[in-house]
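Each remark here refers to the structure printed beneath this line.
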């Protein structure tokens with residue numbers, strides 16, 4: 001971080017004298033105009049003021065400016081350069097996001113999927129020192145973004161996620177297994193998976209419990225999140241008259257999600273609306289904090305040379321003009 005500071009700021013109070021000196025000079029100029037009576041002014045009608053008459057005020061301007069810059073020199077301006085050396089044990093996090101068709105339900109604003117994406121984006125932005133990756137799943141699963149500290153790229157890829165990218169269904173076990181595969185070889189001090197789903201495992205060749213045992217083997221902690229309101233939720237249904245919304249009972253296998261979390265040392269959360277989902281991420285954020293050591297270094301460079309040079313040039317210019325152009329007026 002760069003900025004100008006002053007080692008002796010008390011000298012800057014002397015700048016308050018500048019307007020006083022200017023006012024005194026203007027007052028003096030008014031009193032300096034003498035008057036006398038003559039029979040007529042015709043002898044002076046042709047007399048014009050030369051540029052030297054106005055140039056004499058420049059001497060005063062140069063003197064005041066030179067004094068101002070010398071005061072700044074006395075205050076010793078310094079440029080402060082600060083930088084940080086950050087070391088962290090680090091946490092690697094993979095977000096496993098359900099993108100099945102049911103994530104378009106409107107019990108969240110605007111729907112479950114977009115609410116999950118928006119709130120996950122805030123979570124990612126708040127953890128600048130962690131590597132974070134993204135896995136999406138429905139009937140099958142794939143890695144949308146591997147572990148990275150380039151969160152701008154990750155967020156852009158998260159925004160591109162849509163329902164219908166892959167075969168529909170809810171393969172929770174496969175989604176968790178893909179996330180495990182992405183993080184298992186990490187050398188981070190802490191390895192975490194955040195699994196968000198709104199349904200029941202109904203596809204895939206790996207059961208969620210098998211995947212949970214695998215995560216436990218690799219020392220991966222899994223936080224599971226059930227996304228959906230209690231009771232019923234409006235689901236989009238395609239009809240001959242277009243898309244209509246139909247209230248359908250929300251069915252989340254909470255026992256299975258609790259079991260996954262318990263096996264891996266994580267925790268289970270239920271998010272019934274946008275605010276609750278935000279609270280879930282905040283809670284996970286508190287539980288998984290990077291251990292960061294920050295050492296700050298500050299270097300100060302003296303910056304008085306430029307104002308000193310300007311002050312000397314102004315003084316030299318005043319003396320030069322006084323001794324040449326305005327020699328006969330002063």
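Every listed requirement among (1) under 15 Å from residue 98 (Cβ atoms); (2) free of Cβ contacts under 8 Å to residues at least 60 places away in the same chain; (3) surrounded by fewer than 19 Cβ atoms within 10 Å (Cβ to Cβ) is met by residue 222 save one, (3). Among the residues of segment 153-175, those that are surrounded by 14 or more Cβ atoms within 10 Å (Cβ to Cβ), within 31 Å of the chain's Cα centre (by Cα) and part of a helix (DSSP H, G or I) comprise 154, 155, 157, 158.
Among the residues of segment 246-271, those identified as over 18 Å from residue 209 (Cβ atoms) and within 39 Å of the chain's Cα centre (by Cα) are 250, 251, 269, 270, 271. Could you tell me whether segment 49-56 includes any residue that is outside the structural domain of residue 129 (by TED's automatic domain parsing), at pLDDT 85 or above, in a helix (DSSP H, G or I) and exposed (fewer than 10 other Cβ atoms within 10 Å of the Cβ)? The answer is no; no qualifying residue exists. Looking across segment 225-257, not a single residue is free of Cβ contacts under 8 Å to residues at least 40 places away in the same chain and surrounded by 15 or more Cβ atoms within 10 Å (Cβ to Cβ). Taken over segment 120-143, the criterion of being assigned to a strand (DSSP E or B) and over 22 Å from residue 285 (Cα atoms) is satisfied by 137, 141, 142, 143.
The values are calculated or read from the model by the stated rules, or taken from the named source; none is laboratory data. Everything numeric here is computed off the predicted structure, so don't read it as measured data. Every residue, glycine as well, gets a Cβ built from its backbone with ideal geometry; the counts of neighbours run over all protein chains shown.
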